[in-house]
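Just below is one structure, and these are the notes that go with it.
The values are calculated or read from the model by the stated rules, or taken from the named source; none is laboratory data. Predicted model, so just to flag it, every value in this text is computed and none were measured. Glycine also receives a Cβ, built like all others from the backbone with ideal geometry; neighbour counts cover every protein chain displayed. Protein only, heavy atoms only, side chains kept; ligands, DNA and RNA dropped before computing areas. Shrake-Rupley method; radii C 1.70, N 1.55, O 1.52, S 1.80 Å.
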Amino acid sequence: MARSKSAEKKPPLAVVEEAAWPNVQEDLDLIRRAPWLQDPWQRLVSLHTLGRVPHGLMISGDRGLGTLTLARCISAFLLCSHPIMRPGEEAPCGECPACHLRRAGTHPDLIILAGDAAARDIPVEAVRGLIESFSLTRHGALRIALIEQAERMNRAAANSLLKLLEEPPAGSLFLLTAERADLLPSTIRSRIQRLTVAMPNRTALVDWLCQAHGLSRTDAELLWFVGGRELVTGQAPTWDWQGVTQALTDLVTGRLSPLAAAKVWQSIDRETLAHWLLRVWLTVQRLSMGLSCEAPEALCPALLLLARALPAEEWLKRHPILLAFLQTSTHPLNEELARERLALDLIDSALPARLA
Ligand SMILES: [Zn+2]
């Protein structure tokens, strides 16, 4: 993605970006292939055809369902001067000056607060940059601010955005995506329309992954279980999920030291590890309560062992530990120490309190 000139002057945390999306057509193909995205896409298109595009719109849904893909495609569609409007084939034309600018990442009416791998939060400086951009003259009929994973806005950033939403400039669309819309202040949520992308049921999703992406049933089941960014692209996890899970089992049952477990966990990035362990925790918790194992068959033996290794109330205490690990998973920490600390906390959930 090319950064705008104004963004170059800002500190790296102020992620005001303009986007180059040469492959909107690929994204549209993906939307048309994914059954759960077709209805939300049609609803977005009809907002345009009915002339009812609101000032604020939030597309929310679980990780990997393609909310960002939807947001990008609708932005490209709305900015296009001659969009294709044939029913079922609605798309940006790809040829007009607006499409060219958008493809090059230099469209003056498209401002993006994108994810920054190094920063979990969207800082207030980024929103201030956005406000600055909105004070300039509009190029075309509509200006779009796309805020990716809007729940990452810190309180000051959210307050700044709120001021814009309270008196939105004419011809503007604030398009937000969120995985956890409930984390956004209610003052913001009450000022924007919401479009929720619902998780398809397990059978429908697994069938689709097998048919559309040619995955084996086992890989499709595993991908469904993990969720995450790869879901919509149909890429089965390539990291050693069995080894990572086995290390957790061995750690909790005392067959592996915390340092050795942490070493195994070095094989994947912290964010993936955090999401995986939380997913595993959720199933273990279900098993501890006597519920059935909803995980893929290949995982169930390990998860059953885990559920038996600790009493339910002990597993409950591990939840805040795993959540804290997730919350800091994109922070620049010492990679080894972060995993070692996690492994230590997991075998003795009272340890963090004792050290505090
Ligand atoms: Zn166009």
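Taking a 1.4 Å probe, which of 339, 189 shows the most accessible area, and what order do the others take after it? If you can, show how the numbers build up before the last one.
Details: 339 5, 189 90 Å².
Of 339, 189, the descending order of accessible area is 189, 339.
So who's got an amide H within less than 5 Å of the one on residue 180, skipping anything under 5 residues away but keeping other chains? H placed 1.01 Å off N, in plane.
Sorted by chain and number, the residues that satisfy this are 151.
Long-range amide H contacts for residue 196: which residues qualify at under 5 Å (H placed 1.01 Å from N, peptide plane, sequence gap of 5 or more or a different chain)?
For residue 196, whose amide H was placed from the backbone, the distant partners under 5 Å are 60.
Can you figure out the FRET efficiency of residue 89 with residue 286, using R₀ = 45 Å and their beta-carbon distance, to the nearest 0.05? If you can, show how the numbers build up before the last one.
Values: r = 43 Å, r/R0 = 0.96.
It comes out at approximately 0.55.
Once you sort the root eigenvalues of the Cα gyration tensor of region 55-146 as a ≥ b ≥ c, which label holds: rounded (a/c under 1.5), prolate (a/b larger than b/c) or oblate (the other case)?
Numbers: a/c = 2.11, a/b = 1.27, b/c = 1.66.
Note, shape of region 55-146 comes out oblate.
Would you mind telling me the antiparallel percentage of the DSSP bridges in the chain, rounded to 5?
Working: 5 of 25 bridges.
Restricted to the chain, the bridges split so that about 20 percent are antiparallel.
Karplus couplings for region 80-96 from phi (6.51 cos²θ - 1.76 cosθ + 1.60, θ = phi - 60°), rounded to Hz, Gly and Pro as x?
Taking θ as phi minus 60°, the curve returns 5, 7, 9, x, 6, 10, 4, x, x, 10, 3, 6, x, 5, x, 10, 6 Hz for region 80-96.
By average Cβ neighbour count within 10 Å, what is the ranking of 308-317, 125-134 from highest down? Don't skip to the answer; put the middle values down first.
On the way: 308-317: 14.2, 125-134: 19.2.
Ranking, from highest mean packing down: 125-134, 308-317.
Taking the 0 to 90 degree range and rounding to the nearest ten, how far is the long axis of helix 312-327 tilted relative to the main principal axis of the chain, both from C-alpha atoms?
Roughly 40 degrees, rounded to the nearest 10.
Helix 300-309 against the longest principal axis of the chain: what's the angle in degrees, Cα atoms only, rounded to the nearest 10?
Helix 300-309 sits at roughly 60 degrees to that axis.
Once amide H atoms are built 1.01 Å from N in the peptide plane, which residues 5 or more positions from residue 144, or in another chain, come under 5 Å H to H?
110, 111, 173
Using just the helices of the chain, give the 222 nm mean residue ellipticity in deg cm²/dmol: DSSP H runs with n ≥ 4 each add -39,500 (n - 2.57), and the total is spread over all residues, rounded to 500.
Numbers: 17 runs with 182 residues, N = 356.
Calculated mean residue ellipticity at 222 nm is -15500 deg cm²/dmol.
Run a plain Debye calculation on region 68-208 (Cα atoms as equal point scatterers, no solvent) and give log10 I(q)/I(0) at q = 0.09 Å⁻¹, rounded to two decimals, same order as the q list.
Taking Cα atoms of region 68-208 as identical point scatterers yields -0.31.
Among 286-297, 94-105, how do they line up by average Cβ neighbours within 10 Å per residue, starting with the highest?
Numbers: 286-297: 14.7, 94-105: 17.2.
The most tightly packed comes first, giving 94-105, 286-297.
Kindly sort 190, 172 by accessible area of their heavy atoms, largest first, with the probe set to 1.4 Å.
Details: 190 90, 172 5 Å².
Per-residue accessible area, sorted high to low, gives 190, 172.
Checking the a/c ratio against 1.5 first, then a/b against b/c, what shape does the Cα gyration tensor give for region 26-71? Mind showing how you got there, number by number?
Values: a/c = 2.35, a/b = 1.45, b/c = 1.63.
Oblate, since a/c reaches 1.5 and b/c is not below a/b.
What's the angle, to the nearest 10 degrees (0 to 90), between helix 124-134's Cα axis and the longest principal axis of the chain?
20
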